[in-house]
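The values are calculated or read from the model by the stated rules, or taken from the named source; none is laboratory data. Since the model is a prediction, treat every value here as computed from it, not as a measurement. Here Cβ is always computed from backbone atoms with ideal geometry, including for glycine, and neighbour counts include all displayed protein chains. Just the protein is used for accessible areas: all its heavy atoms, side chains included, with ligands, DNA and RNA removed. Shrake-Rupley method; radii C 1.70, N 1.55, O 1.52, S 1.80 Å.
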Amino acid sequence: MDLKTILNQLKNNELDIETAESDIRSMGYVPVTDIAKIDIFRKHRTGIMEAILAEGKDPADVVEIAKAQVAATGRVLITRLSEGHREMIEAMFNSDNLEWDLHSKGVVVHNGTPVPRTGGVVAIITAGTADIDAAEEARMVAHEMGCETIAIYDVGVAGFHRLVSEMQVLKDKKPDSIVVAAGREGTLPTVVSGLMDVPVIGLPVSTGYGAGAKGEAALLSMLQSCSVLSVVNIDAGFVAGSFAARIANRVAEARNNE
């Protein structure tokens, strides 16, 4: 339940003041036994929904947190699942209420509540196939934040003609923001930013080997870009997708108010 629903119910005498006050106070966070405090009001406060990072958490705890968040908000995104997490989630939730993304090792658990569409459009581009895992994490986040997403994968600068052939897709879809994931030397975000008139978020990926491995060369290259772009941390698909969706959603809101 969101704040507007509570206030409307209070206005229509469907709630008394004490119950409304209790409901509003509970919107701050929901405690899950002694292991977590879910920030269920984060989406309304910041525009970014609460999600569960499974990495480092016990599978049973992830399930309990997911149950509590679905009960409170209808949907929850869980990222960076291990095989143990996946098996327990499959055992504890109805398969009809699970939306898997095997590339990013993520899943959305829901109770049938749909994602409201905002009208925002986010493009997700990768330099190589090895960059898709991080890119798909960004795509899932942008989708859960209400955006239409466009995926253009494996168009790195080693074969620049591949990107050129996809430029018409970008022109037709008119994205409000673009996430570009790249490992190795991380050149692609600079190139895309030099070609497109929308904000570009560089997502360095820990692919590649040798000097500057584990995404370090890609990160430094993006930070040193001669075209204007923002850069997130190495493999930070969640952050890239959130930032891109926030931009897209604000642009869509302005578009709708014209």
> Can you give the accessible area of VAL200, probe radius 1.4 Å, in Å² rounded to 10?
Replying inline: 10
>> Probe radius 1.4 Å, ligands and nucleic acids left out: which of SER165, SER82 has the largest accessible area, and how do the rest follow?
In response: SER165, SER82
> To the nearest 10 degrees, how steep is helix 237-256 against the longest Cα principal axis of the chain, on a 0 to 90 scale?
Replying inline: 80
> Volume per residue, Å³, of the convex hull around the alpha-carbon atoms of the range 11-110?
Replying inline: 124
>> Probe radius 1.4 Å, ligands and nucleic acids ignored: give me the carbon and sulfur share of the accessible area of the chain as a rounded percent.
In response: 53
>> List the pairs from LYS174/LYS214; LYS67/LYS105; LYS43/LYS214; LYS43/LYS67 whose alpha-carbon separation is above 24 Å, in the order I gave them.
In response: LYS174/LYS214; LYS43/LYS214
> Applying the Karplus parametrisation 6.51 cos²θ - 1.76 cosθ + 1.60 with θ = phi - 60° to the phi angles of the range 146-161, what ³J(HN,Hα) value in whole Hz is obtained for each residue in order, glycine and proline being reported as x?
Replying inline: x, 8, 6, 10, 10, 9, 10, 10, 6, 10, x, 5, 5, x, 4, 4
> In degrees between 0 and 90, to the nearest 10, how far off the longest principal axis of the chain does helix 132-144 point, with axes built from Cα atoms?
Replying inline: 40
> Protein chains only, probe 1.4 Å: how do ASP23, ASP176 rank by accessible area, largest first?
Replying inline: ASP23, ASP176
> DSSP loop GluC sites (Glu not before Pro) in the range 45-142 with at most 14 other Cβ atoms within 10 Å of their Cβ, which ones?
Replying inline: GLU55
> So which aspartates and glutamates can LYS173 reach, going by Cα to Cα under 12 Å and dropping same-chain residues fewer than 8 places off?
Replying inline: GLU148
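How much FRET efficiency would the formula 1/(1 + (r/R0)^6) give for CYS226 and GLU55, where r is the Cβ-Cβ distance and R0 is 45 Å, rounded to 0.05?
Efficiency at R0 = 45 Å is approximately 0.85.
If you count, for each residue, the other Cβ atoms within 10 Å and average over each peptide, how do 4-10, 149-155 line up from highest to lowest? Could the numbers behind the result be given before it?
Working: 4-10: 14.1, 149-155: 19.3.
Per-residue Cβ counts within 10 Å, averaged per peptide and sorted highest first, yield 149-155, 4-10.
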> Which label belongs to the value computed from this structure, given these candidates for Kirkwood radius over Cα pairs in Å: [x] 18.7; [y] 26.0; [z] 19.5?
Replying inline: [z]
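Among rounded, prolate and oblate, which fits the range 73-214 when a ≥ b ≥ c are the square roots of the eigenvalues of its C-alpha gyration tensor, a/c under 1.5 means rounded, and a/b larger than b/c means prolate? All intermediate terms of the calculation are to be shown ahead of the outcome.
Numbers: a/c = 2.81, a/b = 1.45, b/c = 1.93.
Note, shape of the range 73-214 comes out oblate.
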> How large is the accessible surface per residue of the range 121-257, computed with a 1.4 Å probe and reported in Å² as a whole number?
Replying inline: 44
> Taking the Cα-to-Cβ direction at VAL115 and at LEU195 and moving 7 Å from each Cα, how far apart do the two end points lie in nm?
Replying inline: 2.5
> With axes computed from alpha carbons, what is the tilt in degrees of helix 17-26 against the longest principal axis of the chain, rounded to the nearest 10 within 0 to 90?
Replying inline: 30
